[in-house]
Amino acid sequence: MYNNKAAINLRVKYNFFHNIFTKDYNISFKTPATDACSKCIQLSESIKRATTDRNKTLKDKLLTELGFHKRRAKTFFNLLKTQKVDEYTMSFDCQKNLLLPKLPDQAAYYSRQCYMFNFTICVGTSKDIQCKENTFIYCWTEIDGFKGSNEISYCVHHQLCNTVFPTNVHTIRIFADGCGGQNKNQTMLGMLSKWLKDEAPMQINTVKVIFPVPGHSYIPPDRVFGRIEKVVRRREVIVDPDEYICIFENYGTVVRPQGFFDWKKSVCEVLKPPANWHFKFAPTKRFILHKNKTVSIQGETTYITDIG
(Lines give C-alpha, C1' and ligand atoms only; values in the text may rest on other atoms or scores of the structure.)
Protein backbone atom coordinates (compact mmCIF):
# COMPACT_ATOMS: atom_id res chain seq x y z
CA MET A 1 0.00 0.00 0.00
CA TYR A 2 2.86 2.37 0.79
CA ASN A 3 4.72 1.57 -2.46
CA ASN A 4 1.57 2.09 -4.52
CA LYS A 5 1.23 5.66 -3.22
CA ALA A 6 4.94 6.58 -3.01
CA ALA A 7 7.04 8.02 -5.82
CA ILE A 8 9.33 5.57 -7.63
CA ASN A 9 12.48 6.92 -5.95
CA LEU A 10 10.87 6.59 -2.48
CA ARG A 11 9.70 2.98 -2.76
CA VAL A 12 11.35 0.49 -0.41
CA LYS A 13 11.80 -3.24 -0.04
CA TYR A 14 9.64 -5.22 2.38
CA ASN A 15 12.51 -5.84 4.84
CA PHE A 16 13.34 -2.13 5.12
CA PHE A 17 9.70 -1.26 5.76
CA HIS A 18 9.36 -4.15 8.24
CA ASN A 19 12.39 -3.02 10.27
CA ILE A 20 11.11 0.55 10.58
CA PHE A 21 7.62 -0.61 11.43
CA THR A 22 8.64 -3.08 14.13
CA LYS A 23 11.75 -1.48 15.67
CA ASP A 24 10.83 2.21 15.62
CA TYR A 25 7.13 1.86 16.44
CA ASN A 26 7.21 -1.38 18.48
CA ILE A 27 3.88 -2.53 17.00
CA SER A 28 3.13 -6.23 16.98
CA PHE A 29 0.25 -8.41 15.91
CA LYS A 30 -0.88 -11.76 17.27
CA THR A 31 -3.91 -13.97 17.33
CA PRO A 32 -5.98 -14.05 20.54
CA ALA A 33 -4.51 -16.33 23.19
CA THR A 34 -6.03 -19.77 23.67
CA ASP A 35 -5.48 -22.16 26.58
CA ALA A 36 -4.05 -19.26 28.57
CA CYS A 37 -3.13 -19.57 32.23
CA SER A 38 -6.12 -18.78 34.48
CA LYS A 39 -3.89 -17.34 37.22
CA CYS A 40 -2.16 -14.97 34.75
CA ILE A 41 -5.56 -13.77 33.48
CA GLN A 42 -6.89 -13.32 37.01
CA LEU A 43 -3.85 -11.34 38.21
CA SER A 44 -3.65 -9.22 35.03
CA GLU A 45 -7.30 -8.22 35.28
CA SER A 46 -6.94 -7.45 39.00
CA ILE A 47 -3.93 -5.21 38.24
CA LYS A 48 -5.97 -3.26 35.63
CA ARG A 49 -8.66 -2.55 38.19
CA ALA A 50 -6.25 -1.51 40.98
CA THR A 51 -5.52 1.91 39.43
CA THR A 52 -6.42 4.37 42.18
CA ASP A 53 -3.91 5.67 44.74
CA ARG A 54 -5.84 3.85 47.44
CA ASN A 55 -5.08 0.53 45.71
CA LYS A 56 -1.38 1.21 45.07
CA THR A 57 -0.28 -1.24 47.78
CA LEU A 58 -2.60 -3.90 46.40
CA LYS A 59 -1.35 -3.27 42.87
CA ASP A 60 2.29 -3.66 43.93
CA LYS A 61 1.41 -6.91 45.69
CA LEU A 62 -0.38 -8.25 42.59
CA LEU A 63 2.52 -7.24 40.32
CA THR A 64 4.96 -9.07 42.60
CA GLU A 65 2.75 -12.16 42.65
CA LEU A 66 2.41 -12.15 38.84
CA GLY A 67 6.17 -11.74 38.40
CA PHE A 68 6.88 -14.60 40.79
CA HIS A 69 4.34 -16.81 39.00
CA LYS A 70 5.92 -16.16 35.59
CA ARG A 71 9.43 -16.66 36.99
CA ARG A 72 8.43 -20.12 38.28
CA ALA A 73 7.06 -21.02 34.86
CA LYS A 74 10.27 -19.81 33.20
CA THR A 75 12.35 -21.94 35.58
CA PHE A 76 10.46 -25.03 34.46
CA PHE A 77 11.14 -24.28 30.78
CA ASN A 78 14.83 -23.67 31.55
CA LEU A 79 15.01 -27.16 33.07
CA LEU A 80 13.28 -28.61 30.02
CA LYS A 81 15.71 -27.13 27.50
CA THR A 82 18.95 -28.09 29.28
CA GLN A 83 20.36 -31.39 30.50
CA LYS A 84 23.61 -32.63 31.99
CA VAL A 85 25.89 -35.25 30.44
CA ASP A 86 24.72 -37.98 32.84
CA GLU A 87 20.99 -37.26 32.35
CA TYR A 88 18.40 -38.72 29.97
CA THR A 89 15.34 -36.55 29.28
CA MET A 90 11.90 -37.55 28.07
CA SER A 91 8.50 -35.82 28.06
CA PHE A 92 5.03 -37.13 27.36
CA ASP A 93 1.46 -35.94 26.96
CA CYS A 94 -1.94 -36.98 25.58
CA GLN A 95 -3.46 -35.35 22.53
CA LYS A 96 -7.12 -34.32 22.65
CA ASN A 97 -9.48 -37.15 21.72
CA LEU A 98 -9.70 -37.75 17.98
CA LEU A 99 -13.17 -38.50 16.62
CA LEU A 100 -13.85 -41.76 14.84
CA PRO A 101 -15.56 -41.60 12.41
CA LYS A 102 -14.85 -37.97 11.50
CA LEU A 103 -17.62 -36.87 9.15
CA PRO A 104 -18.94 -33.53 7.82
CA ASP A 105 -22.49 -34.85 8.32
CA GLN A 106 -24.30 -32.78 10.96
CA ALA A 107 -26.15 -35.84 12.28
CA ALA A 108 -22.77 -37.46 13.17
CA TYR A 109 -22.19 -34.75 15.80
CA TYR A 110 -25.15 -36.00 17.82
CA SER A 111 -24.39 -39.69 17.28
CA ARG A 112 -22.30 -41.88 19.57
CA GLN A 113 -18.72 -41.77 18.33
CA CYS A 114 -15.64 -43.77 19.23
CA TYR A 115 -12.47 -41.94 20.29
CA MET A 116 -8.94 -42.51 19.06
CA PHE A 117 -6.27 -41.82 21.70
CA ASN A 118 -2.76 -40.54 20.99
CA PHE A 119 -0.16 -40.64 23.76
CA THR A 120 3.21 -39.26 22.58
CA ILE A 121 6.62 -39.61 24.23
CA CYS A 122 9.42 -37.30 23.05
CA VAL A 123 13.02 -38.12 23.94
CA GLY A 124 15.37 -35.16 24.41
CA THR A 125 15.11 -31.56 25.52
CA SER A 126 12.81 -28.92 24.04
CA LYS A 127 15.71 -27.72 21.85
CA ASP A 128 16.29 -31.10 20.18
CA ILE A 129 15.06 -31.70 16.64
CA GLN A 130 12.03 -34.00 16.56
CA CYS A 131 12.21 -37.00 14.25
CA LYS A 132 10.86 -40.55 14.08
CA GLU A 133 13.82 -41.87 16.07
CA ASN A 134 13.06 -39.80 19.18
CA THR A 135 9.25 -39.49 18.94
CA PHE A 136 7.09 -42.46 19.96
CA ILE A 137 3.34 -42.39 19.40
CA TYR A 138 1.24 -44.87 21.37
CA CYS A 139 -2.30 -45.07 19.94
CA TRP A 140 -5.38 -47.09 20.75
CA THR A 141 -9.14 -46.73 20.46
CA GLU A 142 -11.76 -46.41 23.16
CA ILE A 143 -12.62 -50.07 22.53
CA ASP A 144 -9.10 -51.19 23.51
CA GLY A 145 -8.80 -49.15 26.71
CA PHE A 146 -9.46 -45.88 28.49
CA LYS A 147 -7.12 -42.89 28.86
CA GLY A 148 -6.34 -43.12 32.58
CA SER A 149 -3.38 -43.73 34.85
CA ASN A 150 -3.24 -47.46 33.97
CA GLU A 151 -2.83 -46.88 30.25
CA ILE A 152 -0.37 -44.01 30.65
CA SER A 153 1.76 -45.97 33.15
CA TYR A 154 1.79 -48.97 30.82
CA CYS A 155 3.03 -46.89 27.87
CA VAL A 156 5.76 -45.16 29.90
CA HIS A 157 6.88 -48.53 31.34
CA HIS A 158 6.98 -50.05 27.85
CA GLN A 159 9.11 -47.14 26.59
CA LEU A 160 11.54 -47.37 29.53
CA CYS A 161 11.93 -51.14 29.12
CA ASN A 162 12.60 -50.85 25.38
CA THR A 163 15.14 -48.02 25.60
CA VAL A 164 18.88 -48.66 25.45
CA PHE A 165 20.36 -46.08 27.81
CA PRO A 166 23.97 -44.86 27.37
CA THR A 167 26.36 -46.20 29.99
CA ASN A 168 27.13 -42.69 31.31
CA VAL A 169 23.47 -41.99 32.17
CA HIS A 170 22.66 -42.09 35.91
CA THR A 171 19.49 -39.97 36.04
CA ILE A 172 16.23 -40.14 34.10
CA ARG A 173 14.25 -36.89 33.89
CA ILE A 174 10.56 -37.14 32.99
CA PHE A 175 8.47 -34.06 32.15
CA ALA A 176 4.67 -34.19 32.02
CA ASP A 177 1.69 -31.99 32.79
CA GLY A 178 0.14 -32.23 36.25
CA CYS A 179 -3.08 -34.04 35.29
CA GLY A 180 -4.01 -36.05 38.38
CA GLY A 181 -6.00 -38.69 36.49
CA GLN A 182 -3.14 -39.55 34.14
CA ASN A 183 0.34 -38.42 35.20
CA LYS A 184 0.52 -37.00 38.73
CA ASN A 185 -0.67 -39.93 40.82
CA GLN A 186 0.61 -42.84 42.91
CA THR A 187 0.08 -45.28 40.01
CA MET A 188 2.76 -43.55 37.94
CA LEU A 189 5.16 -43.24 40.89
CA GLY A 190 4.58 -46.87 41.87
CA MET A 191 5.31 -48.04 38.33
CA LEU A 192 8.51 -45.95 38.19
CA SER A 193 9.60 -47.32 41.59
CA LYS A 194 9.11 -50.89 40.37
CA TRP A 195 11.02 -50.22 37.15
CA LEU A 196 13.86 -48.42 38.96
CA LYS A 197 14.28 -51.18 41.55
CA ASP A 198 13.94 -54.31 39.38
CA GLU A 199 14.26 -53.46 35.68
CA ALA A 200 16.45 -50.37 35.27
CA PRO A 201 20.10 -50.75 34.19
CA MET A 202 22.56 -50.92 37.08
CA GLN A 203 24.06 -47.46 36.49
CA ILE A 204 20.67 -45.65 36.74
CA ASN A 205 19.97 -44.70 40.36
CA THR A 206 17.63 -41.68 40.14
CA VAL A 207 14.38 -40.84 38.38
CA LYS A 208 13.02 -37.28 38.51
CA VAL A 209 9.42 -36.54 37.56
CA ILE A 210 8.89 -32.81 36.97
CA PHE A 211 5.55 -31.04 36.55
CA PRO A 212 4.99 -27.48 35.23
CA VAL A 213 3.12 -24.55 36.71
CA PRO A 214 -0.59 -24.98 35.79
CA GLY A 215 -1.37 -23.05 32.63
CA HIS A 216 2.29 -23.07 31.48
CA SER A 217 2.56 -26.68 30.36
CA TYR A 218 3.76 -26.38 26.76
CA ILE A 219 6.14 -29.33 26.28
CA PRO A 220 7.67 -31.04 23.18
CA PRO A 221 4.74 -33.44 22.52
CA ASP A 222 2.49 -30.42 21.97
CA ARG A 223 4.55 -29.56 18.89
CA VAL A 224 3.85 -33.02 17.49
CA PHE A 225 0.12 -32.63 18.23
CA GLY A 226 0.06 -29.30 16.40
CA ARG A 227 1.50 -30.85 13.24
CA ILE A 228 -0.93 -33.79 13.42
CA GLU A 229 -3.96 -31.55 13.97
CA LYS A 230 -3.04 -29.46 10.92
CA VAL A 231 -3.38 -32.56 8.74
CA VAL A 232 -6.48 -33.91 10.51
CA ARG A 233 -8.24 -30.56 10.18
CA ARG A 234 -7.90 -30.69 6.38
CA ARG A 235 -9.37 -34.19 6.17
CA GLU A 236 -13.15 -34.05 5.91
CA VAL A 237 -13.73 -37.80 6.28
CA ILE A 238 -11.83 -40.28 8.47
CA VAL A 239 -13.67 -43.56 9.10
CA ASP A 240 -10.86 -46.05 9.76
CA PRO A 241 -8.34 -46.02 12.66
CA ASP A 242 -5.62 -46.92 10.15
CA GLU A 243 -6.12 -43.52 8.51
CA TYR A 244 -5.11 -41.83 11.77
CA ILE A 245 -2.16 -44.21 12.11
CA CYS A 246 -0.96 -43.32 8.59
CA ILE A 247 -0.90 -39.66 9.70
CA PHE A 248 0.93 -40.52 12.95
CA GLU A 249 3.63 -42.46 11.05
CA ASN A 250 4.76 -39.24 9.35
CA TYR A 251 5.74 -37.73 12.71
CA GLY A 252 6.97 -40.58 14.90
CA THR A 253 7.36 -44.30 15.56
CA VAL A 254 3.87 -45.74 16.08
CA VAL A 255 3.29 -48.35 18.81
CA ARG A 256 -0.09 -50.07 19.25
CA PRO A 257 -0.43 -51.56 22.75
CA GLN A 258 -1.89 -55.06 22.94
CA GLY A 259 -3.71 -55.02 26.28
CA PHE A 260 -2.87 -52.99 29.38
CA PHE A 261 -1.47 -54.17 32.72
CA ASP A 262 -3.48 -53.14 35.79
CA TRP A 263 -0.82 -50.97 37.45
CA LYS A 264 -3.35 -49.16 39.62
CA LYS A 265 -4.48 -52.31 41.43
CA SER A 266 -0.91 -53.55 41.91
CA VAL A 267 0.38 -50.22 43.24
CA CYS A 268 -2.52 -49.80 45.70
CA GLU A 269 -1.51 -53.12 47.30
CA VAL A 270 1.98 -51.74 48.08
CA LEU A 271 1.85 -47.95 48.50
CA LYS A 272 -0.08 -45.94 51.06
CA PRO A 273 -2.70 -43.44 49.78
CA PRO A 274 -1.11 -40.06 48.91
CA ALA A 275 -2.87 -38.44 51.90
CA ASN A 276 -0.69 -40.56 54.22
CA TRP A 277 2.65 -39.79 52.55
CA HIS A 278 5.46 -37.92 54.30
CA PHE A 279 4.97 -34.79 52.16
CA LYS A 280 2.00 -32.99 50.61
CA PHE A 281 1.21 -34.49 47.22
CA ALA A 282 -0.74 -31.67 45.50
CA PRO A 283 1.78 -28.77 45.73
CA THR A 284 4.76 -30.98 44.81
CA LYS A 285 6.46 -30.00 41.52
CA ARG A 286 9.29 -32.56 41.55
CA PHE A 287 9.22 -36.19 42.62
CA ILE A 288 12.72 -37.64 43.02
CA LEU A 289 13.06 -41.42 43.22
CA HIS A 290 16.36 -42.70 44.64
CA LYS A 291 17.48 -46.31 44.32
CA ASN A 292 19.52 -47.94 47.07
CA LYS A 293 18.48 -51.32 48.49
CA THR A 294 14.93 -50.00 48.21
CA VAL A 295 13.41 -46.99 46.45
CA SER A 296 12.76 -43.79 48.39
CA ILE A 297 10.56 -40.97 47.09
CA GLN A 298 11.33 -37.31 47.77
CA GLY A 299 8.86 -34.49 47.09
CA GLU A 300 9.88 -30.91 46.33
CA THR A 301 7.65 -27.86 45.84
CA THR A 302 10.37 -25.86 44.06
CA TYR A 303 12.27 -26.54 40.82
CA ILE A 304 15.85 -25.88 41.95
CA THR A 305 16.17 -25.98 45.74
CA ASP A 306 15.90 -29.31 47.59
CA ILE A 307 14.38 -28.68 51.01
CA GLY A 308 12.30 -31.85 51.62
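A residue that is open to solvent by 30 Å² or more (accessible area, probe 1.4 Å) and either of a type in the set (A, V, I, L, M) or at positive phi (or both) occurs nowhere in the stretch 144-163.
Check whether at least one residue in the stretch 134-142 is under 18 Å from Q258 (Cα atoms), open to solvent by 70 Å² or more (accessible area, probe 1.4 Å), touching a Cys at 6+ places or on another chain (Cβ under 8 Å) and in a loop (DSSP other than H, G, I, E, B), and report yes or no. No: the stretch 134-142 contains no residue that is under 18 Å from Q258 (Cα atoms), open to solvent by 70 Å² or more (accessible area, probe 1.4 Å), touching a Cys at 6+ places or on another chain (Cβ under 8 Å) and in a loop (DSSP other than H, G, I, E, B). Among all positions in the stretch 55-77, there is at least one residue which is modelled with pLDDT under 90 and among the β-branched types (V, I, T).
Among the candidates K61, K13, K30, K84, the residue that is within 30 Å of S149 (Cβ to Cβ) and open to solvent by 90 Å² or more (accessible area, probe 1.4 Å) is uniquely K84. Scanning the stretch 102-133 for residues that are open to solvent by less than 60 Å² (accessible area, probe 1.4 Å), farther than 25 Å from N78 by Cβ and not aliphatic (A, V, I, L, M) gives K102, Q113, C114, F117, N118, F119. Filtering the stretch 83-100 for residues that are in a loop (DSSP other than H, G, I, E, B) and within 15 Å of the chain's Cα centre (by Cα) leaves a non-empty set. The criterion of at least 2 residues that are loosely packed, with under 11 Cβ neighbours inside 10 Å and free of Cβ contacts under 8 Å to residues at least 12 places away in the same chain is met by the following helices (runs of 4 or more DSSP H) wholly inside the stretch 213-307: 220-234.
The values are calculated or read from the model by the stated rules, or taken from the named source; none is laboratory data. Keep in mind the model is a prediction, meaning the values are calculated, not measured. In this analysis, Cβ positions are derived from the backbone assuming ideal geometry, glycine residues included, and neighbour counts consider all displayed protein chains. Surface accessibility is based on the protein's heavy atoms, side chains included, excluding ligands, DNA and RNA. Shrake-Rupley method; radii C 1.70, N 1.55, O 1.52, S 1.80 Å.
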